[in-house]
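Only one structure is covered here, and it is reproduced in the block below.
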Amino acid sequence: MAKSDAHNLWERLSKHEDAVLLFARNAHVPFTNNRAERDLRMAKVKQKVSGCFRNVEYAHAYCRIS
């Protein structure tokens, strides 16, 4: 028999309780990963538009300025 969505959520939160509540114990830990996603967004857009960098030096230069 399939478990309910609520039961699956409870199991997942119980299993990862330390990681889920880390931001509550440590003020230096953000409660979302939005900053990481925003930091990577432009590189992903560049990859989607052009497909790739022509060589490694161009990739390093792009990372330095973005």
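Among residues of the stretch 1-21 that are on the phi < 0 side of the Ramachandran plot, those with a Cβ under 8 angstrom from a residue that is at pLDDT 95 or above and part of a helix (DSSP H, G or I), sequence gap 6+ or separate chain, pair up as Lys3/Glu11. Go through the residues of the stretch 45-57 one by one and say whether even a single one is touching a residue at least 12 places away in the same chain (Cβ under 8 Å) and not in a loop (DSSP other than H, G, I, E, B). Scanning the stretch 45-57, I find at least one residue that is touching a residue at least 12 places away in the same chain (Cβ under 8 Å) and not in a loop (DSSP other than H, G, I, E, B), so the answer is yes. Scanning the stretch 24-38 for residues that are modelled with pLDDT of 85 or more, surrounded by 10 or more Cβ atoms within 10 Å (Cβ to Cβ) and either touching an Asp or Glu at 6+ places or on another chain (Cβ under 6 Å) or part of a helix (DSSP H, G or I) (or both) returns a single hit, Glu37. Taken over the stretch 39-66, the residue count meeting the criterion of being aliphatic (A, V, I, L, M) and loosely packed, with under 10 Cβ neighbours inside 10 Å is 3.
The values are calculated or read from the model by the stated rules, or taken from the named source; none is laboratory data. Everything quoted here is computed from the prediction, not taken from an experiment. Quick reminder, even Gly has a Cβ in these numbers, built from the backbone with ideal geometry, and neighbours come from all protein chains shown.
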